[in-house]
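Below: one structure, written as structure tokens.
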Amino acid sequence: MKIDDWLHKALDIQAPWQISQLIAEPATRRLDLWVTLQAQRTGWFFGSRQQAPTPGLPIWRHLNVGQYSCHIHANPRETGWHNQLSWLGEEGQPFSRALCQQIAAYFKAGLGIPAICPLLDIAAADLWKFKHHLDQGLTGLSPAAEPTGTNVPGADHPVWLALLDGSRQLDIRALSRKLLLTKLRDQVQRINDSQVRSLKAHELQRYFVRHAHLLSHELAQLDHA
């Protein structure tokens, strides 16, 4: 199988679409692909003369190709936001549909944003944007699955940030929970960034959600938050 045919199959790019341009940056392990309607093959993989890629097109982060992050450039006037194209993304969204499905599966498996970002080398801001649309049912996928616990305040409740900055105290009985809170507080204090604070607050809230059946003593105190 030719390399270009393999790449089309690997990324699920099928006729009448084709990869018309490719730019690989080994230093950053980034791969940019321009996908257009089929035209005569020009041997782009092996250095034949090419026209400059069309600038200013929407870009979607797609599934990785080996160790390379893959970014799809496509013209909506050609694709028409076709909802069956896995390598295409929704308007205004940062990820392709295929990557959206992968991320949603990670959420359902219990992975959080702090784990998914380094796993896929995705910017936290982009992932938060996707998760918001996922939770609002705006992606065509099932909302991010989070186990539900009794009397656990929502992830955006100010009590979580208060616990992290030390302005709110809890009587915690289990050593493992004390160590978790100490670790998260230390991370928040060392990295003075609002986005990091928000990530750590969500991480702490998810811990309480997942282990609510073991945290009745602590949750009783949060009822008065």
In the range 109-143, anything assigned to a loop (DSSP other than H, G, I, E, B), small (Gly, Ala, Ser) and at pLDDT 85 or above is listed as Ala123
Among the residues listed as Lys183, Lys178, the single one being modelled with pLDDT of 80 or more and within 24 Å of Cys117 (Cβ to Cβ): Lys183
Consider Arg197 against the criteria (1) at pLDDT below 75; (2) more than 19 Å from Phe107 (Cα to Cα); (3) in contact with a helix residue (DSSP H, G or I) (Cβ under 6 Å, 6 or more places away or on another chain): it satisfies all of them except one. Which criterion is unmet? (1)
Which numbered condition Pro53 misses (of (1) modelled with pLDDT under 90; (2) out of contact with any His (no Cβ under 8 Å at 6 or more places or on another chain)): (2)
Quick check: anything in the range 156-173 among the β-branched types (Val, Ile, Thr), part of a loop (DSSP other than H, G, I, E, B) and at pLDDT 85 or above? yes
Being within 24 Å of Trp34 (Cα to Cα) and modelled with pLDDT of 80 or more narrows Pro94, Pro76 down to just Pro94
Pairs where the first residue, in the range 1-24, is within 17 Å of His71 (Cβ to Cβ) and the second is assigned to a loop (DSSP other than H, G, I, E, B) and β-branched (Val, Ile, Thr), C-beta under 7 Å, 6+ apart: Ile19/Ile13
Determine if the range 54-69 includes at least one residue that is part of a helix (DSSP H, G or I), on the phi < 0 side of the Ramachandran plot and among the basic types (Lys, Arg). no
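The values are calculated or read from the model by the stated rules, or taken from the named source; none is laboratory data. These numbers come from a predicted model, not from an experiment. Using ideal geometry, Cβ is built from the backbone for each residue, glycine included, and neighbour counts are taken over all protein chains shown.
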